Amino acid sequence: MRHGRLLIMNGPNLNLLGTRQPELYGTDTLADVERIAGGRAEELGYKADFFQSNSEGALIDRLHEARGSTDGVVLNPAAFTHTSVALRDALLAAELPVVEVHISNVHKREEFRHRSYVSDIAEAVIVGAGIRGYVYGIECLDRALQLHERRSAV
Ligand code: DQA
């Protein structure tokens, strides 16, 4: 059983999950995400911290805080995925493994959503799995942390 800490972070407009474009994002709320993801994290031996903001700066500040005090990040950067070099730089500066999650399949949507500033620095990218994607994200992060531990042990 591990005793790590994970940060589950959500970007702009995801506070409206459940009522925002339910045909795309479903009717589960951010509180449901926190309950399900928090439960899976706990089963795997982690304590999960949750953070959502509509502000790019607040997300960046939270990543700075996570540096050194968190083992990994499951991040749905929402629209900042497609626009934010600053968020990418903050992820690199935090030196933490990150799994990128999108509730919808961004590749089935507008072309501008096909580009991500996060995917090429992520351990894994999960798209289109609905809010289960956060659970898969935690599982991927756990695997990445275990592989890292094994590498550091040799
Ligand atoms: C999203 C996809 C993004 O393109 C969009 O801006 C979001 C949500 C998703 O979870 O599918 O806000 O990240």
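Each value in this text was obtained by applying a stated rule to the coordinates, not by laboratory testing. Nothing here was measured: the structure is a model prediction, and the numbers come from that model. Note that each Cβ is placed from the backbone with ideal geometry, even for glycine, and that neighbours are counted across all protein chains shown.
Rounded if a/c is under 1.5, else prolate if a/b beats b/c, else oblate: with a ≥ b ≥ c from the C-alpha gyration tensor eigenvalues square-rooted, which is the range 69-123? Prolate.
Each Cα pair under 8 Å and six or more residues apart adds its sequence gap; the mean of these over the residue count of the range 4-153 is a relative contact order of 26 percent.
Label the range 1-90 by shape, choosing from rounded, prolate and oblate, from the square roots a ≥ b ≥ c of the eigenvalues of the Cα gyration tensor; if a/c is under 1.5 it is rounded, and otherwise prolate applies when a/b is larger than b/c, oblate when it is not. The shape class here is oblate.
Shown here for the range 23-57: GluC sites (Glu not before Pro) in loop regions (DSSP other than H, G, I, E, B) with at most 13 other Cβ atoms within 10 Å, of which there are none. The reciprocal of the average 1/r between distinct C-alpha atoms defines the Kirkwood hydrodynamic radius, which for the chain equals 15.4 Å.
Computed over the range 1-53, the percent of Cα pairs more than 13 Å apart is 60. For the chain, modelled as a GNM whose springs connect Cα atoms under 10 angstrom apart, the maximal fluctuation among G38, G133, G57 occurs at G57. Subtracting the Cα-Cα distance of A93 and E42 from 0.36 nm times their residue separation leaves 15.7 nm of extension gain.
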